[in-house]
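All remarks here apply to the structure that follows.
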Amino acid sequence: MTALLELDRITKRFGSVVVADGLSLAVGAGDIVGIVGPNGAGKTSLFGLIGGDLAPNSGEVRLEGRPVTRLDASARCRLGIGRTYQVPRPFVDMTVFENVLMAAQQGGGQRRRLSYARAAAVLERTGLGNDANVPAGRLGLLSRKRLEMARALATAPRLLLLDEVAGGLTDPEVAELVTIVTSVRDEGVAVLWIEHVLRALTASVPRLICLAGGSFIGDGAPAEVLAEPAVREVFLGTEVTTSLAGLAGEAAREDA
Amino acid sequence: MIWVNDIIQGILLGGLYALFACGLSLMFGVMKVINLAHGDLAVVAAYVALGVIALTHIPGVWSFVLVVPIMAVGGYFLQRTLIQASLERGTITTLLVTFGLSIVIETVLLQFLSANSHGIPDGSFGTASFSIGSQISIGWLDLIILVVAVTVLLVLQFYLSRSRNGRLIRAVADDREAAQLAGADYRHIFGIAAAIALGTVALAGVAYFGMYSQFDPTIGTGQLLLYAFEVVVIGGLGSLWGTLAGGIVLGVVQQIGAQIGGAAHPDYQFLAGQLVFLAVLVVLPQGLTGIRRTA
């Protein structure tokens, strides 16, 4: 069976900085994969390469076996790659509903009534039902994050790229968004999920990838990946060290 | 009474100025391109109108029926090729490229169509008018042009706020990368915006050179581009109503300037417009209706 998304030895350089060093990866439908790594590891660039904002220097991106490396972001979106930005980028002068409607019509390829119905359903699902007619520029951070996800969902993705859903939110807020993500995954959508807040991630993903210096340095069950010496080393000195140590400790206890 | 007449004539002219300027404003608002060839494209539309009239023998005033779609299609392709290519090389490049385009258009027109002045024949209807009292005389065609200009601006406003493509244009103007992620091909949307810009400037060109002025290859940059800039600055960017307000202010001020100058100083017409333009820049840099952007 062909994987939904395949990266085949993707390399991307900005001058002398290598943000992706021959990365290969396969993700199947309904998979949910967390991605962690220190700042500047190339996480967001990886999403750029998958989503089409960035063109690799070499290598190939395939969606269901079909090469999409030469397609731009809008064409890839129409083929089923949805993406959210780390810092939400709503169309501030349009209402929340218009934001989502546009995504349903363009990315989702739906017309008229169908697109209106899809937009309304997505707003309901992401908890924005009461804000439909509010200009997006007036939303607070949590609602902007919801809208970012709503817009991605409206494009009817088969692969959802989530960049830092939980950043800047409180625990209950994060929990709400995680519930939405897992329900999306349950429908067979593959999810790639970058997150700094490890608690949100480790609780919901069966597979975790650690990216550092443009290379994958860990891939597997979260506790195992976080226990690996190479992974612990790149995280040393950052604010997540303590929670990592805690998780690694738990993993060790489970192993024992 | 003569002043009342001037103001009425200024308002009639102002609608046309607004129609000239709305394409310039739209292209800047959507793709952040300052199209320095905007005035020359109105002149190109006027030459296309002459060609259309010669080939089909339709009455001059009706030539816009063919000229506007021709220029709109041309605008789409101009955007998708030359302007898109320059956009990808940065904002300053678009300025240089449209400046170059302006020079190329003028030179080509001079080379192949001579520096002679032409007019678009508007038939007997062009001079038909009705009077109010003894001093106020309003041309039917002037009035129709004002009504058409306001209608076009209304339709455009409605299109941008309500239609599917209008929504896309607003989205792409706001954040083209985010629009890509929502599945919109921004290059196509830019093309549509350019088609609208050239369609409206073509309509304005045919009307202006039918009613108010002769044209030659150099009038586009020498006069029209300047007027369009003045309208946009006076009215304020980003609002079609601002553009209409700016057009009417410019039209009225020019008429008053012409009245003061009389036959001895015909240039007062242009001077008056430019003085108001400068005054607005100093006192209200965001224009009459412009939104002061803080972010």
All positions within segment B:88-109 that are more than 22 Å from the chain's Cα centre (by Cα) and among the aliphatic types (A, V, I, L, M): B:Ile92
Filter result for B:Thr98 (of a type in the set (Ser, Thr, Tyr) and closer than 30 Å to B:Phe190 by Cα): yes
Selected residue [open to solvent by less than 10 Å² (accessible area, probe 1.4 Å) and farther than 30 Å from A:Val234 by Cβ] from A:Phe91, A:Phe47, A:Phe97: A:Phe91
Residues satisfying the stated conditions in segment B:121-155, i.e. assigned to a strand (DSSP E or B) and either open to solvent by 30 Å² or more (accessible area, probe 1.4 Å) or not aliphatic (A, V, I, L, M) (or both): B:Ser129, B:Phe130, B:Ser131, B:Ile132, B:Ser137, B:Gly139
Answer from A:Val33, A:Val92 - the residue that is within 14 Å of another protein chain (Cβ to nearest Cβ) and either in contact with a helix residue (DSSP H, G or I) (Cβ under 9 Å, 6 or more places away or on another chain) or closer than 26 Å to A:Ser183 by Cα (or both): A:Val92
Failed criterion for B:Leu237 (all others in (1) outside any loop (DSSP other than H, G, I, E, B); (2) touching a Gly at 6+ places or on another chain (Cβ under 9 Å) hold): (1)
Some residue of segment B:232-239 being touching a Phe, Trp or Tyr at 6+ places or on another chain (Cβ under 7 Å), closer than 15 Å to B:Leu156 by Cα, open to solvent by 10 Å² or more (accessible area, probe 1.4 Å) and in contact (Cβ under 8 Å) with a residue 40 or more places away in the chain: no
Scope segment B:98-135; condition in contact (Cβ under 8 Å) with a residue 60 or more places away in the chain and on the phi > 0 side of the Ramachandran plot; matching residues: B:Gly123, B:Gly133
Contacts under 8 angstrom Cβ, first residue in segment A:103-130 being within 13 Å of another protein chain (Cβ to nearest Cβ), partner in a loop (DSSP other than H, G, I, E, B) and basic (Lys, Arg), 6 or more apart: A:Gln105/A:Arg111
Residue in segment A:56-77 that is farthest from the other protein chains (Cβ to nearest Cβ), counting only those that are open to solvent by 40 Å² or more (accessible area, probe 1.4 Å) and free of Cβ contacts under 8 Å to residues at least 40 places away in the same chain: A:Pro67
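The values are calculated or read from the model by the stated rules, or taken from the named source; none is laboratory data. This is a predicted model, so every value here is computed, not measured. Please note: Cβ atoms are built from the backbone with ideal geometry, for glycine as well, and neighbour counts cover all protein chains shown. We work out accessible area using only protein heavy atoms, side chains counted, and drop any ligands, DNA or RNA first. Shrake-Rupley method; radii C 1.70, N 1.55, O 1.52, S 1.80 Å.
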